[in-house]
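Asks: Submitted below is the structure of interest, expressed as structure tokens.
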Amino acid sequence: MIAKEKAEEKEIVEKKGANREIVIPGETIVSGSDFLPGEGTRREGEEIVSLKFGLADKSDRLIKIIPLSGIYMPRRGNTVIGRVVDVLFNGWLIDIYAPYSSFLSLKECSKFVSRNDLAEAQDIGDMVITKVFSVKRKGVDLTTKSRGLGKLENGRIIYINSNKVPRIIGKEGSMINLIKEESKCNIIVGQNGVIWIKGNTLEEEIFAEKAIRFVAEKSFIEGLTEKTKEWFEEEKKKSKAEKKEVKKEEKK
Amino acid sequence: MAYTKRPDGRKFDELREMEAKVGIIKNADGSAMFRFGDTIAIAAVYGPKPLHPQHLQNPEKGVLRVNYDMLSFSVTERKKPGPSRRSQEISKVTEWALAPVLNLDNYPNTVVDIHISIIQANASTRCAGINAAALALAHAGIEMKDLVCSVSVGKIDDKIVVDLIKEEEDYEDGEGATDIPLAFLPKSGELSLLQLDGRSSIEKLKEAIEAGKKACKEIYELQKKTLKKVGKE
């Protein structure tokens, strides 16, 4: 019975693998009028042709490309972490590591900020977690009017490629919850690939960073959550062995 | 004496050994290497990113900038580093060869920078550069309608020869050597680069273009294979 279930599961995984394949620009993904061109594709007569390098998702009627590399493009509703680069008279200029400059208006700030001293709320060099409120032709508007948004105190910031963010979060947050649980850290992942980690000790933070780097590097593998669980087991064994050695040395 | 044998023993329509790699430069948004025998080109793509000074910005679409550079140790006699008349020209023709496939309409007021460095040269450097740049652009996740494949075709005496080396470029007997760098959009077969250094009749030029088209199919297969391999190791 269990074996049968497992076999079925394997089949699903394989099907999923068959539905996702690397395509190059100009390659025909499918032909026929049953399909609709989605993001990163276009229709050329009967055929749906890829415009980007990435994984083609054929699981639906809507064909789209999941990019594997490249820069972050802001979208409305994205939660991003950015650095304050300038304080203006009515807001802040924030670098969200995208091709366009983004602006956080004083009006979009959740708590009261004195008009005379904007730097008091967040100064140049501070990291803030914000939401993309609108994307216009020239520039992005941000807001912090929501729960959990605002200036980040303490903790450490790491940067990864924004295309790897979905793998870090996992299906319904499975991966990020696993990392949070194992490292006992508080983690916020921005859609732009900036990650904030806050733990009780420095060791915990470094451990969480290591785990995230592991996931980002292995982002192509199927069944990554399982692999990461195994990795955590191994790391635990290693750290235990290290602790034992330290104790031995202390005894000596 | 007519030209009957190539100095490295290749057939007239045979390319040198080729190699391509993607993702070689960690800090770039997209990068690639392309090698024709001894000629090695690396390309790094940065962007789309903000463009300054502002008067260079185009509010309709993104701007493409190409910088071709031959490193001082790439040739036997040390080359003076820095831009030259030659490198500026090649930067410009490379930009024009790549522009038709690129779609930067979604990135107004930005720039895409391509830096091509020739780390070892034995003729056909601009072609290796274009091939590497096309791979790097795809790797950077930029919208393109096709890749670009480039090869140099030559007319040595009265023979059409594919993928020249330095020795052949300097051939002086008979009609001498004519160097014809070509770039194709492999799917439609359109030309995006055609230069001619030397002398050639129209018939021979047509013949050369056909030979180039055939060679580019081989290059396209390699580019395809290289990109498909990304993330599989």
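Asks: Does residue A:172 count as modelled with pLDDT under 90 and either buried (at least 18 other Cβ atoms within 10 Å of the Cβ) or assigned to a strand (DSSP E or B) (or both)?
Replies: no
Asks: With the condition kept exactly as written, say whether any residue in the range A:204-224 is farther than 30 Å from residue A:73 by Cβ, touching a strand residue (DSSP E or B) at 6+ places or on another chain (Cβ under 9 Å) and not β-branched (Val, Ile, Thr).
Replies: Yes, that holds for at least one residue.
Asks: Looking at the range B:23-40, can you tell me whether even one residue there is modelled with pLDDT under 95, surrounded by 12 or more Cβ atoms within 10 Å (Cβ to Cβ), within 12 Å of chain A (Cβ to nearest Cβ) and on the phi > 0 side of the Ramachandran plot?
Replies: Yes - at least one qualifying residue is present in the range B:23-40.
Asks: Restricting attention to the range B:49-93, and to residues there that are among the β-branched types (Val, Ile, Thr) and in contact (Cβ under 8 Å) with a residue 40 or more places away in the chain, which single residue is surrounded by the most Cβ atoms within 10 Å (Cβ to Cβ)?
Replies: Kept after step one, since they are among the β-branched types (Val, Ile, Thr), are these residues of the range B:49-93: B:63, B:66, B:75-76, B:90, B:93.
Okay, now just the ones that are also in contact (Cβ under 8 Å) with a residue 40 or more places away in the chain, so B:63, B:66, B:75, B:93.
Details: B:63: 19, B:66: 23, B:75: 15, B:93: 19.
Among residues in the range B:49-93 that are among the β-branched types (Val, Ile, Thr) and in contact (Cβ under 8 Å) with a residue 40 or more places away in the chain, the one surrounded by the most Cβ atoms within 10 Å (Cβ to Cβ) is B:66.
Asks: Here is a further query. Quick one: is residue A:85 assigned to a strand (DSSP E or B) and at negative phi? Before the answer, list the steps.
Replies: Details: assigned to a strand (DSSP E or B): yes; at negative phi: yes.
So residue A:85 passes the test.
Asks: For the range B:201-233, which residues satisfy the criterion of being surrounded by fewer than 20 Cβ atoms within 10 Å (Cβ to Cβ) and among the hydroxyl-bearing types (Ser, Thr, Tyr)?
Replies: B:201
Asks: Something else: When the residues of the range B:167-195 are filtered to those that are closer than 22 Å to residue B:10 by Cβ and under 16 Å from the mean Cα position of the chain (by Cα), which remaining residue is farthest from the other protein chains (Cβ to nearest Cβ)?
Replies: Result: B:179.
Asks: Name the residue, out of A:40, A:32, A:45, A:77, that is on the phi > 0 side of the Ramachandran plot and surrounded by 19 or more Cβ atoms within 10 Å (Cβ to Cβ).
Replies: The match here is A:40.
Asks: Pick from A:58, A:138, A:52: which is at pLDDT 90 or above, outside the structural domain of residue A:163 (by TED's automatic domain parsing) and more than 26 Å from residue A:197 (Cβ to Cβ)?
Replies: None of the other options fit; the residue is A:52.
Asks: Right, here's the next one. Taking the condition surrounded by fewer than 17 Cβ atoms within 10 Å (Cβ to Cβ) and more than 30 Å from residue A:230 (Cα to Cα), does residue A:98 pass? If you could, list the steps in order and put the result at the bottom.
Replies: Values: surrounded by fewer than 17 Cβ atoms within 10 Å (Cβ to Cβ): no; more than 30 Å from residue A:230 (Cα to Cα): yes.
Against the criterion (surrounded by fewer than 17 Cβ atoms within 10 Å (Cβ to Cβ) and more than 30 Å from residue A:230 (Cα to Cα)), residue A:98 does not qualify.
Asks: Further, regarding this structure: Scan the range B:225-233 and give yes if some residue there is of a type in the set (Gly, Ala, Ser) and touching a residue at least 24 places away in the same chain (Cβ under 8 Å), otherwise no.
Replies: Within the range B:225-233 (the criterion being of a type in the set (Gly, Ala, Ser) and touching a residue at least 24 places away in the same chain (Cβ under 8 Å)), the answer is no, since none of the residues qualifies.
Asks: Now for a separate question. Which count do you get for residues in the range B:197-224 that are closer than 18 Å to residue B:174 by Cβ, of a type outside the set (Asp, Glu) and in contact (Cβ under 8 Å) with a residue 12 or more places away in the chain?
Replies: Final tally of qualifying residues: 6.
Asks: Is there a residue being aliphatic (A, V, I, L, M) and not in a strand (DSSP E or B) anywhere in the range B:169-184?
Replies: Looking through the range B:169-184, none of the residues is aliphatic (A, V, I, L, M) and not in a strand (DSSP E or B).
Asks: Inside the range B:108-153, can you point out the residues that are in a loop (DSSP other than H, G, I, E, B), touching a residue at least 60 places away in the same chain (Cβ under 8 Å) and either of a type in the set (S, T, N, Q) or at the interface with another protein chain (Cβ under 10 Å from one of its Cβ atoms) (or both)?
Replies: B:122, B:124, B:140, B:141, B:142, B:147
Asks: Shifting gears a bit: What are the residue pairs meeting all of these: first residue in the range A:156-177, first residue away from chain B (no Cβ under 14 Å), second residue acidic (Asp, Glu), Cβ atoms under 8 Å, and 6 or more apart or on different chains?
Replies: A:156/A:205; A:156/A:209; A:158/A:209
Asks: If you don't mind, another one. If residue A:77 satisfies every condition in (1) modelled with pLDDT under 90; (2) of a type in the set (Gly, Ala, Ser); (3) assigned to a loop (DSSP other than H, G, I, E, B); (4) farther than 19 Å from residue B:103 by Cβ but one, which is the exception?
Replies: With (1) modelled with pLDDT under 90; (2) of a type in the set (Gly, Ala, Ser); (3) assigned to a loop (DSSP other than H, G, I, E, B); (4) farther than 19 Å from residue B:103 by Cβ applied to residue A:77, the lone miss is (1).
Asks: Counting only residues that are of a type outside the set (Lys, Arg) and under 18 Å from residue A:138 (Cα atoms), which one in the range A:60-79 is nearest to the other protein chains (Cβ to nearest Cβ)? Please lay out each step first, then the result.
Replies: Our first condition is that a residue be of a type outside the set (Lys, Arg); within the range A:60-79, this holds for A:60, A:62-63, A:65-74, A:77-79.
If we keep only those that are under 18 Å from residue A:138 (Cα atoms) too, we end up with A:71-74, A:77-78.
Working: A:71: 5, A:72: 10, A:73: 8, A:74: 12, A:77: 18, A:78: 16 Å.
Within the range A:60-79, the match that is nearest to the other protein chains (Cβ to nearest Cβ) is A:71.
Asks: What are the pairs, 6+ residues apart or on separate chains, where a residue within the range A:125-154 that is of a type in the set (Phe, Trp, Tyr) has its Cβ under 8 Å from a residue that is crowded, with 17+ Cβ neighbours inside 10 Å and not in a strand (DSSP E or B)?
Replies: A:133/A:108
The values are calculated or read from the model by the stated rules, or taken from the named source; none is laboratory data. All values derive from a computational prediction rather than experimental measurement. Reconstructed Cβ throughout: ideal geometry from the backbone, glycine too, with neighbour counts over all protein chains shown.
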